[in-house]
Amino acid sequence: MTAVPILTAHDVNIFYGSKQAVKNVHLEVQRGSVNALIGPSGCGKTTFLRAINRMHDLTPGARVTGKILLDGEDVYGPGVDPVNMRRRVGMVFQKPNPFPTMSVFDNVVSGLKLAGIRDNKRLMEVAERSLRGAALWEEVKDRLKTPATGLSGGQQQRLCIARALAVEPEILLMDEPTSALDPASTAKIEDLMSELKKVTTIIIVTHNMHQAARVSGTTSFFLNGDLVEHGVTDQIFTSPRDERTEAYVTGRFG
Amino acid sequence: MIEPARRPPSRGALSSQGDRVFQILILALASIIVLIFLLSLYQLGRESLPALQRFGFRFFTERTWNPVAGTYGAATMIMGTLLTSLVALLISVPLAVASALFVAEYAPKWLANPVGYLIELLAAVPSVVYGLWALFVIAPILGKWQTAFFLNPDNVGTITRCNELWASQQTNLQCFFVPSGAGGRGLALAIIILTVMILPYTASVARDVIRLVPADQREAMYALGATKWEVISRAILPYARAGILGGVILALGRALGETLAVAMVIGDSQEILKSLWGNASTMASVIANQFGDAQETIHRSSVVALGLSLFFLSVIVNYVARLIIARLTPKGIQ
């Protein structure tokens, strides 16, 4: 018997106006896994990722059909408030985007403050736990009250991860989280992911196939809006079933 | 076969000569601006010297401005300028930021563009038109209310009390809000007109900086489970605050220096500020109203000294504003 997947996508189609960016995607993601979405630019992997926490609601003309179930609940179901849904899903963006007018501490707890938590002791506990979770605590524990923008780019991105972790998301979406970082910072975040999957489930969009191979347990290959192949990462990279996947992972295009 | 790289014909001498000519030209044009600035400062200083020598620092603290008696003190006008400008700013900034948020964040495109254009158009209306509008439209409305206040028997006591106070060149908080005349002109009308006149400066700057807030700042807040209002209040406005303040300073500069419209509606009284509804004057309005009539050297010099004070007031306000903006500007964003 297999566990109930944390995320199920069923026949998901995404449109920008009349242009279809994602076609009939079926996908299951297991709890506590790291799942990589790979594919060439414009293949729909980021578009699909942003459908999971309803970010497309903010884009005029964008439309999502089909079902996305988060822990069995339809993300797009009638009566579902996107604001509440987003609280259950964490997101880390391409470029580090801490809030520049807030301190390190205020950045980490900004999600908790949105949820109405004001108790300083509780905020401090969560901040420390989240910063430790993002492997940043030792570096910033003495400057929690200084502006977040004083940190280096790699630290800022780990701060954004801590900010996402603070609300204990059921699933963490990462949209090319290392594409703006140097190799050393990238390595730190990749190491971090194997720790993170103990507390949450990760879906990571990446351009970097080596990164996908290093960090993920399962990989989904997107091409022109289709989910071409989904499977265990080793199998996708060593013995893909689809010849398009093979062409991509062996570097013949993209 | 690859062709050997051919060196481009030398044009070094020619272009460096052109560069030098351009450099000198630019330097000359830039110096003209500095020169004009220094020259006007010198002229202001020279012409206001007699007044400043006669009255010294008391020119800024003395409340009497009486050409007949030959006594000139700018305190009342400085107060008038600060009061009208700051109150107008206080009223117009929330309106301007609200309109900027509406245009940038809430209105659909077909509505946002015309509304934004109309707000900017407010800045294109000539001062004199604002002045006429205030005199013909707003003043009668205020006058009607003031007349009703005087005719109300319940107010007789208050009016008598305040009249006595005013006669002894004093006022208090209650009397400051009691009308001292029924003409509609005065401090309040100047504040109303300034509020409308400076609104477009803050509004259009605020709208532009709000639109420039990066999408990933908004998305970061949305992704944490924020409502639209929370995104605006916690991500967009903090990010844009320095820029918005820049617009506020622009508006304040405009308000401090606004001359014609204020001179038309404020009532041109150099007595102490008795009432919000009473006649008053600002530094700029006194310059406009009295410069032509100032025959005596000391009168003329005092009027110029007002100009010099206004000049320094603006410089100080701008300098402080720059300090604040520098502090508020988000730094080090990747």
Taking a quarter of the surface of the convex hull around the Cα atoms of the protein assembly as shown, what do you get in nm²? 42.4 nm²
Using only Cα atoms, tell me the angle between helix B:12-55 and the longest principal axis of chain B; keep it within 0 to 90° and round to the nearest 10. 10 degrees
Give the share of C-alpha pairs in each 5 angstrom bin for chain A, from 0 to the last occupied bin, in whole percents, shortest bins first. 1, 6, 13, 17, 19, 16, 13, 8, 4, 1, 0, 0
Would you list, by chain and number, the lysines whose Cα falls below 21 Å from the Cα of A:Lys45, excluding same-chain residues fewer than 8 positions away? A:Lys19, A:Lys23, A:Lys67, A:Lys95, A:Lys197
Quick one: which residues, 5 or more positions from B:Gly181 or on another chain, have an amide H under 5 Å from its amide H? H modelled 1.01 Å from N in the peptide plane, none for Pro or chain starts. none
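When Lys and Arg each count +1 and Asp and Glu each count -1, what net charge do the other residues less than 15 Å away from B:Pro50, Cβ to Cβ, add up to? Walk me through the intermediate numbers first.
Values: positive: B:Arg46, B:Arg54, B:Arg58, B:Arg300; negative: B:Glu47, B:Glu296.
For residues surrounding B:Pro50, the net value is +2.
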Would you compute, for the Cα atoms of chain B, the largest minus smallest coordinate along each principal axis and list the three values in descending order, in whole Å? 105, 58, 34
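Which whole number gives the average, over all residues in A:85-96, of C-beta atoms from other chains lying within 10 Å of the residue C-beta? The partial results should precede the final answer.
Values: counts 1, 6, 4, 1, 3, 3, 5, 2, 6, 1, 4, 4.
Across A:85-96, the average partner-chain Cβ count within 10 Å equals 3.
Among the DSSP beta bridges whose two residues both lie in the protein assembly as shown, what percent are antiparallel, rounded to the nearest 5? Can you show the working numbers first?
On the way: 26 of 44 bridges.
Of those bridges, close to 60 percent are antiparallel.
About the Cα centre of the range B:60-328, how large is the charge dipole given +1 on each Lys and Arg Cβ and -1 on each Asp and Glu Cβ? Please answer in debye to the nearest 20.
Values: 16 positive and 14 negative charges, 100 e Å.
Dipole magnitude for the range B:60-328 comes out near 480 debye.
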Partner aspartates and glutamates for A:Lys188 [C-alpha distance under 15 Å; skip if fewer than 8 residues away on the same chain]: A:Glu138, A:Glu139, A:Glu176
Percent of beta bridges antiparallel (DSSP, chain A, rounded to nearest 5): 55 percent
Could you rank the peptides B:57-69, B:181-193 by their average count of other C-beta atoms within 10 Å per residue, with the highest value first? B:181-193, B:57-69
Say R0 is 45 Å: what FRET efficiency, to the nearest 0.05, do A:Asn208 and B:Leu173 get from their beta-carbon distance? 0.05
Gap in Å between the Cα centre of the range A:3-80 and the Cα centre of the range A:164-186? 19 Å
The range A:99-168 - Debye-derived log10 I(q)/I(0), Cα point model, q = 0.15, 0.16, 0.22, 0.23 Å⁻¹: -0.38, -0.43, -0.84, -0.92
Divide by every residue of chain B the summed helix terms, -39500 (n - 2.57) for each DSSP H run of at least 4, and state the resulting mean residue ellipticity at 222 nm, rounded to the nearest 500 deg cm²/dmol. -22500 deg cm²/dmol
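When you count, for each residue, the other Cβ atoms within 10 Å and take the mean per peptide, how do A:116-122, A:239-245 rank with the highest first? Intermediate values should be presented prior to the final figure.
Numbers: A:116-122: 9.6, A:239-245: 14.7.
Sorting A:116-122, A:239-245 by mean packing, highest first, produces A:239-245, A:116-122.
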Under 20 Å from the Cα of A:Lys145 - lysines, other chains or at least 8 residues apart: A:Lys113, A:Lys121, B:Lys331
Separation between the B:Phe311 and A:Lys19 pseudo-spin-labels, each 7 Å from Cα along Cα→Cβ, expressed in nm? 5.8 nm
Tell me, how many Å apart are the Cα centres for the range B:260-318 and for the range A:208-254? 77 Å
Amide hydrogen neighbours beyond the local backbone of A:Ile171, cut-off 5 Å, H modeled: A:Gly90, A:Thr201
Counting partner chain Cβ atoms within 10 Å of every residue's Cβ in B:214-220, what's the average? 6
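With a 10 Å radius around each residue's Cβ, average the other Cβ atoms per peptide and rank A:13-20, B:172-179, A:91-98, highest first. Could the numbers behind the result be given before it?
Values: A:13-20: 13.9, B:172-179: 15.6, A:91-98: 24.0.
Sorting A:13-20, B:172-179, A:91-98 by mean packing, highest first, produces A:91-98, B:172-179, A:13-20.
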For an R0 of 56 angstrom, estimate the FRET efficiency from the Cβ-Cβ distance between B:Thr160 and A:Phe253 and round to the nearest 0.05. 0.05
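Once fully extended, how much extra length lies between B:Leu323 and B:Ile26, figured as 0.36 nm per residue of separation less the alpha-carbon to alpha-carbon distance? Please report the intermediate quantities before stating the final value.
On the way: separation 297, 0.36 × 297 = 106.92 nm, distance 2.90 nm.
Working it through step by step, the gained length comes to 104.0 nm.
Any read-out appearing in this document is the output of simple, stated calculations on the displayed coordinates, not a laboratory observation. Since the structure is predicted, the reported quantities are computational estimates derived from the model, not experimental observations. For neighbour counting, all protein chains shown are included, and Cβ atoms are generated from backbone atoms with ideal geometry for every residue, glycine included.
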